[in-house]
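For reference, the structure is listed below as structure tokens.
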């Protein structure tokens, strides 16, 4: 149920494993395009899997009732966007649960794949009891997703762990059978613990990012290099090196939403988080700080031409939800800068989000005549830039690297003034 990032990847990969899968969505146009073979999102490997299984093991429909009645397992993978107060909006999950209840015709296992508040398994259970037939049994299971956009297919087919929460262990074991071909660790818990694992995991990773950004900002003040600092920290097995990427902070559909939702869950449960609100504040501050860095490096931005490389919130995805570009681009525009934008895959979405800017077909076109080049997303394409060619098209060889992609010394040797995040001394020309 749901053909967004999670639902479509989950359905396609389950079909790849040999299961008969029906993907359901209320969006008629999206389903029509999927039936034709057009994939609405960019995710490495996904299009190939869909094309390989479409028409045999993988089908698409808007007919929820028919899909429910033909299935043994029903995965709810609809969106749970932030509500007005930051809490997760569970209206989509509730609506799907009602639809399942009205269509259920025999024993089913209903699996919450969406990121939902603690206790949502009980809510879905009560909805199905209320709206469904009295003589049909079912189980509700929590199976949180841990898919990273840009590597979602690999994450599903090679998961570090599979978490399954249920009231009845037999139901969890049946869901575990689906994952057994992956030969990954499977953790069976109670419902609420499984729901909490997802929120706790994302909030912890977001905390690591905000923490290292705080250290990066101090590195800029004292002249240390954050990459050397994180390398030294990473050798400590108690700390590890993942998610120590200083820069513009986290974005996307999970971390900002899940941290905010966990704070709200705490409030509604009578507990006030102290760390997590600061995690969110630091994340917002990184974008503001970058705009300040641009202004300090370029001077008065009125009339200045700025090339912006990267619009998606991370590489290998076209998802722009909570992308740093969504706040940085308007902030620069408000200061009078003229912006030329480029991203390898998210230009289509960007055109609907940014007005009164120019869109370029290549990074060099974006940089032509620019007073500075701004890197907001660490796409591999930007790692392969011909800096001699770049220097020949810019007005000023000034590079502001929001993702610490480049080495300051190498940039100096190539004739560029370089500004990173937490890279210590800046080479000036």
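The values are calculated or read from the model by the stated rules, or taken from the named source; none is laboratory data. Everything numeric here is computed off the predicted structure, so don't read it as measured data. As a convention, Cβ positions derive from the backbone with ideal geometry for all residues, glycine included, and neighbour counts pool all protein chains shown.
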Failed criterion for residue 344 (all others in (1) crowded, with 23+ Cβ neighbours inside 10 Å; (2) without any contact (Cβ under 8 Å) to a residue 60 or more places away in the chain hold): (1)
Of all residues in segment 412-424 being in contact with a strand residue (DSSP E or B) (Cβ under 9 Å, 6 or more places away or on another chain) and crowded, with 21+ Cβ neighbours inside 10 Å, the one that is nearest to residue 229 (Cα to Cα): 423
Enumeration of residues in segment 378-388 that are loosely packed, with under 12 Cβ neighbours inside 10 Å and closer than 14 Å to residue 362 by Cβ: 384, 386
From 422, 369, 392, 415, residue being assigned to a loop (DSSP other than H, G, I, E, B) and within 22 Å of residue 337 (Cα to Cα): 369
Only listed residue being part of a strand (DSSP E or B), in contact (Cβ under 8 Å) with a residue 40 or more places away in the chain and in the same structural domain as residue 99 (by TED's automatic domain parsing), chosen from 60, 42: 60
Residue that is without any contact (Cβ under 8 Å) to a residue 40 or more places away in the chain and at negative phi, where the choices are 29, 16: 29
Residue 144, sole failed condition from (1) in contact with a strand residue (DSSP E or B) (Cβ under 8 Å, 6 or more places away or on another chain); (2) closer than 17 Å to residue 1 by Cα; (3) assigned to a helix (DSSP H, G or I): (3)
Residue match in segment 235-256 (condition: touching a residue at least 24 places away in the same chain (Cβ under 8 Å), on the phi > 0 side of the Ramachandran plot, assigned by TED's automatic domain parsing to the domain that holds residue 13 and surrounded by 15 or more Cβ atoms within 10 Å (Cβ to Cβ)): no
Residues of segment 230-265 that turn out to be within 23 Å of residue 160 (Cα to Cα) and touching a strand residue (DSSP E or B) at 6+ places or on another chain (Cβ under 7 Å), as a count: 1
Failed criterion for residue 133 (all others in (1) free of Cβ contacts under 8 Å to residues at least 60 places away in the same chain; (2) surrounded by 18 or more Cβ atoms within 10 Å (Cβ to Cβ); (3) not in a strand (DSSP E or B) hold): (2)
Failed condition for residue 164, given (1) in a helix (DSSP H, G or I); (2) modelled with pLDDT of 95 or more; (3) farther than 30 Å from residue 421 by Cα: (1)
Residue check, residue 106 outside any helix (DSSP H, G or I) and either at pLDDT 95 or above or not assigned by TED's automatic domain parsing to the domain that holds residue 9 (or both): yes
Single match in 205, 248 (criterion: part of a helix (DSSP H, G or I) and under 16 Å from the mean Cα position of the chain (by Cα)): 205
Top-ranked residue in segment 372-389 [being under 25 Å from the mean Cα position of the chain (by Cα) and part of a loop (DSSP other than H, G, I, E, B); ranked as farthest from residue 247 (Cα to Cα)]: 384
Among the candidates 192, 221, 174, 180, residue that is touching a strand residue (DSSP E or B) at 6+ places or on another chain (Cβ under 9 Å) and either in the same structural domain as residue 312 (by TED's automatic domain parsing) or free of Cβ contacts under 8 Å to residues at least 12 places away in the same chain (or both): 180
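Quick grid of which residues meet (1) farther than 23 Å from residue 299 by Cβ; (2) modelled with pLDDT under 95; (3) touching a strand residue (DSSP E or B) at 6+ places or on another chain (Cβ under 9 Å); (4) not assigned by TED's automatic domain parsing to the domain that holds residue 300:
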residue	(1), (2), (3), (4)
322	yes, yes, no, no
327	no, no, no, no
333	no, no, yes, no
347	yes, yes, yes, no
377	yes, no, yes, no
399	no, no, yes, no
410	yes, yes, yes, no
Positions within segment 270-313 being over 26 Å from the mean Cα position of the chain (by Cα), touching a residue at least 40 places away in the same chain (Cβ under 8 Å) and not in a helix (DSSP H, G or I), in sequence order: 304, 305, 306
Residue selected from segment 351-364 under the condition touching a helix residue (DSSP H, G or I) at 6+ places or on another chain (Cβ under 8 Å) and either in contact (Cβ under 8 Å) with a residue 24 or more places away in the chain or in a loop (DSSP other than H, G, I, E, B) (or both), by the criterion surrounded by the most Cβ atoms within 10 Å (Cβ to Cβ): 363
